[in-house]
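Asks: Below you'll find the structure I mean.
The values are calculated or read from the model by the stated rules, or taken from the named source; none is laboratory data. This is a predicted model, so every value here is computed, not measured. Cβ: placed from backbone, ideal geometry, glycine included. Neighbour counts: every protein chain shown. Remember, those area values only see protein heavy atoms, side chains included, never the ligands or the DNA or RNA. Shrake-Rupley method; radii C 1.70, N 1.55, O 1.52, S 1.80 Å.
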Amino acid sequence: MAICFELVVNFGDDIEAARAAVLADPRPRVLRAGDHRIPLHRPLLTTNGSYVELSVLPVAVGWGVALDGTLPAIRLTAAELTELGHQLYELLATLDGYVTARVGWDPEALLDPVELKAEWLAELADGSLHGLVLSESLHGELGLGDEYVSFRPGYRWMPYRGEEPSGLTAD
């Protein structure tokens, strides 16, 4: 089983917006994490049930990631992962047409609007799902308040607080 630090974006059924996101910047990107320079894998588009999902994975930041092949994992501290996470959110800010998005360790489980409504309303309301970006329409549909601030026009979020030291970090 792979464990991935990544940006995952739910485009709902808007395949055109998802394809546009993949093609938005064809140049290879290299991000910083402390003294490390970390390139990104090419974005992956998949269908996850009823919606289209885009994943952007940094190279060699995770365990068992098939895209990394035989590259050894780069162990980053919580501060370095946080720096990397902020840069992935900067990339997200250039995209449009999505419903939900989040950066972190395997964030896919928190991107389905149906599951957010059914299983995560308390956490949405108390702000514990920091870093979750919601379209304005979904934010309104969920009845969330002004503690969700503007991420960019058309989107709100509970600002990303960064990563904490854990078994997945080097500290």
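Asks: I'd like to check something: does the stretch 96-112 contain any residue that is surrounded by fewer than 20 Cβ atoms within 10 Å (Cβ to Cβ) and among the β-branched types (Val, Ile, Thr)?
Replies: no
One line per residue, one yes/no per condition, for (1) modelled with pLDDT under 95; (2) not aliphatic (A, V, I, L, M):
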position: Val52; (1), (2): no, no
position: Ser55; (1), (2): no, yes
position: Gly64; (1), (2): yes, yes
position: Arg75; (1), (2): yes, yes
position: Gly97; (1), (2): no, yes
position: Arg102; (1), (2): no, yes
position: Leu121; (1), (2): yes, no
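Asks: Just to be sure I understand, how many residues within the stretch 121-137 are under 17 Å from the mean Cα position of the chain (by Cα) and of a type in the set (A, V, I, L, M, F, W, C)?
Replies: Looking only at that region, the number is 5.
Asks: Let me ask something additional. Just for the stretch 58-67: of the residues that are part of a loop (DSSP other than H, G, I, E, B) and open to solvent by less than 10 Å² (accessible area, probe 1.4 Å), which one is farthest from Ala33 (Cα to Cα)?
Replies: Ala60
Asks: Out of Leu67, Leu91, Leu81, report the one residue that is aliphatic (A, V, I, L, M) and under 23 Å from Ser137 (Cα atoms).
Replies: Leu91
Asks: Still on this structure: Here is a check on your reading of the model: is Trp120 aromatic (Phe, Trp, Tyr), out of contact with any strand residue (DSSP E or B) (no Cβ under 9 Å at 6 or more places or on another chain) and farther than 14 Å from Gly12 by Cα?
Replies: Here the answer is yes, as Trp120 does meet what is asked.
Asks: Restricting the stretch 4-41 to residues that are of a type in the set (A, V, I, L, M) and loosely packed, with under 15 Cβ neighbours inside 10 Å, which is farthest from Leu138 (Cα to Cα)?
Replies: Val30
Asks: Next up: Select, from Leu88, Leu111, Leu121, Leu129, the only residue that is in contact with a Pro (Cβ under 9 Å, 6 or more places away or on another chain) and hydrophobic (A, V, I, L, M, F, W, C).
Replies: Of the residues listed, the single one that is in contact with a Pro (Cβ under 9 Å, 6 or more places away or on another chain) and hydrophobic (A, V, I, L, M, F, W, C) is Leu88.
Asks: Looking only at residues in the stretch 122-164 that are among the acidic types (Asp, Glu) and within 21 Å of Glu6 (Cβ to Cβ), which one is surrounded by the fewest Cβ atoms within 10 Å (Cβ to Cβ)?
Replies: Glu164
Asks: Which of the residues spanning the stretch 13-32 are among the charged types (D, E, K, R), at pLDDT below 90 and over 17 Å from the mean Cα position of the chain (by Cα)?
Replies: Asp25, Arg27
Asks: Moving on to the next point. Among the candidates Leu71, Leu76, Leu81, single out the residue that is assigned to a loop (DSSP other than H, G, I, E, B), buried (at least 17 other Cβ atoms within 10 Å of the Cβ), over 12 Å from the mean Cα position of the chain (by Cα) and not small (Gly, Ala, Ser).
Replies: The unique qualifying residue is Leu76.
Asks: List every residue pair whose Cβ atoms lie under 6 Å apart, where the two residues are 6 or more positions apart in sequence or sit on different chains, the first residue falls within the stretch 63-83 and is of a type in the set (A, V, I, L, M), and the second residue, located anywhere, is open to solvent by 70 Å² or more (accessible area, probe 1.4 Å) and in a strand (DSSP E or B).
Replies: Matching pairs, first to second residue: Ala73/Trp63.
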